[in-house]
Amino acid sequence: MERSSHITSVLDTLFDDRRPSKWVTRERPKIDRIACPWLIRRFVDADAQFLYVPTPEVFEVAAREGAVAYDIPGAEFSHVGELCSFDAFLERFALDDAGLAAVAPIIRGADTDRHDLAPEAAGLHALALGMAASIEDDHALLERGCLLYDALYAWAVHARGERHSWTPPRA
């Protein structure tokens, strides 16, 4: 993956020369806490590591591990107003990509219970919560959840205008 000089500069600011980058957040990830790692691995640092810990331990683990906390109040990457952590990553890393711009309101709508932001937000919400309810291991959930975001991004880039209106012929 080729990184822009801006992305490299942000990573250097956050981690100095420590790579791969390390990120930590609350355990039992759902929407934003899967979308953000997906974004980081696909567009920022393919080898990034993610830690899921009990909420009261996030900042302690971040300090001990040299990780950056995200999606928790007080973290550098978290919700601001009506925006979610995914939006904070897009802004900080200056990720200007049409596919990401299309999926951002879906993720924001699903994560903030604002399904009116995009028609697909309710579906993402249902799938993310269903995956979290059926997969107990947070890292397994992350790996499988990334497939969901890969598919959402591919839809945004390649199939957004496609409709499925086929009906079988009457016998």
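The values are calculated or read from the model by the stated rules, or taken from the named source; none is laboratory data. Remember, predicted model here, so these are calculated numbers, not experimental data. Note that we place each Cβ from the backbone using ideal geometry, even for glycine, and neighbour counts take in every protein chain shown.
Has segment 43-58 got at least one residue that is at negative phi and without any contact (Cβ under 8 Å) to a residue 24 or more places away in the chain?
Checking segment 43-58: at least one residue is at negative phi and without any contact (Cβ under 8 Å) to a residue 24 or more places away in the chain.
Which numbered condition in (1) loosely packed, with under 12 Cβ neighbours inside 10 Å; (2) within 22 Å of ILE7 (Cβ to Cβ); (3) hydrophobic (A, V, I, L, M, F, W, C); (4) out of contact with any His (no Cβ under 8 Å at 6 or more places or on another chain) is the only one that ALA94 fails?
Single failed check for ALA94: (4).
Yes/no per residue for (1) at pLDDT below 95; (2) touching an Asp or Glu at 6+ places or on another chain (Cβ under 6 Å):
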{"residue": "ARG28", "(1), (2)": "no, no"}
{"residue": "ILE31", "(1), (2)": "no, yes"}
{"residue": "ARG42", "(1), (2)": "no, no"}
{"residue": "ALA48", "(1), (2)": "no, no"}
{"residue": "TYR52", "(1), (2)": "no, yes"}
{"residue": "THR55", "(1), (2)": "no, no"}
{"residue": "VAL80", "(1), (2)": "yes, no"}
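Which helices (runs of 4 or more DSSP H) does segment 1-111 wholly contain that include 2 or more residues that are under 19 Å from CYS146 (Cα atoms) and out of contact with any strand residue (DSSP E or B) (no Cβ under 7 Å at 6 or more places or on another chain)?
32-43, 85-92, 98-111
Return the residue satisfying two criteria in turn: it lies in segment 64-91 and is aliphatic (A, V, I, L, M) and closer than 23 Å to VAL53 by Cα, and of such residues it is surrounded by the fewest Cβ atoms within 10 Å (Cβ to Cβ).
Among them, the one singled out is VAL80.
Only residues that are within 16 Å of LYS30 (Cβ to Cβ), free of Cβ contacts under 8 Å to residues at least 40 places away in the same chain and among the small types (Gly, Ala, Ser): list them for segment 106-165, please.
Selection gives GLY109, ALA121, ALA122, GLY123, ALA126, GLY130, ALA133, SER134, ALA140.
Does segment 73-85 contain any residue that is under 11 Å from the mean Cα position of the chain (by Cα) and within 15 Å of ARG33 (Cα to Cα)?
yes
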